[in-house]
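Structure first, commentary second.
The values are calculated or read from the model by the stated rules, or taken from the named source; none is laboratory data. Treat the numbers as computed from the prediction; the structure is a model and nothing was measured. Here the Cβ is made from the backbone with ideal geometry for all residues, glycine too, and neighbour counts use every protein chain on show.
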Amino acid sequence: MSDHSEQSGHIGHVVPVRTYVLVFLALMAGTALTTAAAYTDLGRWNTVVALAIAVTKMMLVVLFFMHVKYATGLTRIVILAGFFWLGIMVTLSCSDELTRRWEIVPQGWQMIVPLFSRLF
Amino acid sequence: MAAHGAHPPGFAHQFETVGQQREAGQLGMWVFLVTEILFFGGLFASYIIYRALHYQSFVTGSHLLEVKFGATNTYVLICSSLTMALAIRYAQVGKRKGQIIFWLILTMILGALFLGLKLRFEWYRDYVDGIIPGVNWAYSGPHAPGVQLFMCFYFFMTGLHALHMVAGLGILTVLVIMTARNKFSSQYYAPLEISGLYWHFVDIVWIFLFALLYLIGGRYPGS
């Protein structure tokens with residue numbers, strides 16, 4: 001990377017305007033596509049499609065506009081760690097919240113062991 | 001490079017090379033952006049959970065938003081990301097400062113357009129229609145309590161995003177002034193590049209907000 005910079009006289013990778021314009025067009029098309037998909041009945045796949053297109057658009061912005069395609073391994077690991085931690089936050093929060101329910105305690109048990117019913 | 005006399009402008013002496021300084025700056029900005037991912041992530045995580053718990057309310061609430069304004073604003077922000085990327089590129093290759101300022105100001109105009117559309121055609125109308133919880137709430141349709149919860153998420157998420165946009169506009173103003181004062185060259189444009197990372201990040205947040213708030217679950221008849 002630094003070799004490249006010194007050879008060309010620039011600091012960092014200079015992305016051609018053509019690449020930026022192509023990424024821009026892909027992002028615009030992605031927005032049109034995701035909007036059109038929302039108006040189509042895909043059943044439960046509507047959610048999947050909307051999120052898949054959003055993630056694809058994010059990848060395009062991150063890799064090209066944010067130059068991560070040309071970044072060092074260290075920077076990439078930091079970014080991946082960020083998303084990994086986001087994954088932990090979402091997964092553990094969901095596994096807690098979405099599995100909570102009120103246990104039905106049989107009547108007899110409540111009378112025999114009052115403490116037991118308080119545990120749940 | 002550093003050992004031989006004159007330092008290039010903006011080159012700090014603790015770095016071996018200009019390239020190393022640039023990589024350190026980028027890494028530092030990404031560490032900040034990771035904290036921002038987790039900052040917005042808290043809202044996204046709670047949105048996912050409450051959507052799962054009150055699915056029908058969230059669908060009803062989502063249908064109160066107008067896709068055409070959300071989509072238009074997405075197009076506007078993507079355009080602003082392109083103009084930002086071009087401003088940085090022209091600084092990288094050492095173009096005249098007028099050209100860099102042109103693209104920066106175009107980015108600001110698009111950012112301001114986003115906020116203007118958001119205020120005039122979305123938040124203002126929401127206020128008139130009485131769907132702002134705690135401010136003007138007159139909704140009496142189905143799933144009213146759950147819809148109120150959805151609208152709270154909507155205003156907190158888009159509000160936090162808009163706050164980031166306002167901060168971005170402030171940063172861009174500083175960049176225009178710095179560019180006008182000849183602070184940047186093809187050898188030193190770190191503030192431009194790092195602010196660009198921030199601007200693109202805010203764009204990405206909107207891409208997800210558009211999908212999550214306006215589109216998810218579908219907008220077709222009977223959805």
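So the values come out like this:
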{"quantity": "Selected residue (only one of B:76, B:59 is in contact with a Gly (Cβ under 7 Å, 6 or more places away or on another chain), farther than 20 Å from residue B:40 by Cα and touching a residue at least 40 places away in the same chain (Cβ under 8 Å))", "calculated": "B:59"}
{"quantity": "Wholly enclosed helices (runs of 4 or more DSSP H) of the range B:118-223 bearing at least 2 residues out of contact with any helix residue (DSSP H, G or I) (no Cβ under 8 Å at 6 or more places or on another chain)", "calculated": "B:124-129, B:144-180"}
{"quantity": "Criterion: at pLDDT 95 or above and either surrounded by fewer than 16 Cβ atoms within 10 Å (Cβ to Cβ) or among the hydrophobic types (A, V, I, L, M, F, W, C) (or both) - qualifying residue of A:87, A:82, A:43", "calculated": "A:87"}
{"quantity": "Scan of the range B:40-54 for residues that are touching a residue at least 40 places away in the same chain (Cβ under 8 Å) and either surrounded by fewer than 17 Cβ atoms within 10 Å (Cβ to Cβ) or at the interface with another protein chain (Cβ under 8 Å from one of its Cβ atoms) (or both), ordered by number", "calculated": "B:44, B:46"}
{"quantity": "Among (1) assigned to a helix (DSSP H, G or I); (2) more than 30 Å from residue A:12 (Cα to Cα), the one test that residue B:64 misses", "calculated": "(1)"}
{"quantity": "Residues that are more than 7 Å from every other protein chain (Cβ to nearest Cβ) and assigned to a loop (DSSP other than H, G, I, E, B), drawn from the range A:44-94", "calculated": "A:44, A:67"}
{"quantity": "Restricting the range B:149-181 to residues that are of a type in the set (S, T, N, Q) and surrounded by 17 or more Cβ atoms within 10 Å (Cβ to Cβ), the residue that is nearest to the chain's Cα centre (by Cα)", "calculated": "B:158"}
{"quantity": "Hits in the range B:207-223 - residues which are of a type in the set (A, V, I, L, M, F, W, C) and in contact (Cβ under 8 Å) with a residue 40 or more places away in the chain", "calculated": "B:207, B:208, B:209, B:210, B:212, B:213, B:215, B:216"}
{"quantity": "Test for residue B:205: is it touching an Asp or Glu at 6+ places or on another chain (Cβ under 9 Å), under 22 Å from residue B:114 (Cα atoms) and either at pLDDT 95 or above or more than 11 Å from every other protein chain (Cβ to nearest Cβ) (or both)", "calculated": "yes"}
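Here's the yes/no breakdown for (1) closer than 27 Å to residue A:55 by Cα; (2) among the β-branched types (Val, Ile, Thr); (3) modelled with pLDDT under 85:
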residue: B:3; (1), (2), (3): no, no, yes
residue: B:6; (1), (2), (3): no, no, yes
residue: B:10; (1), (2), (3): no, no, yes
residue: B:16; (1), (2), (3): no, no, no
residue: B:23; (1), (2), (3): yes, no, no
residue: B:27; (1), (2), (3): yes, no, no
residue: B:31; (1), (2), (3): yes, yes, no
residue: B:38; (1), (2), (3): yes, no, no
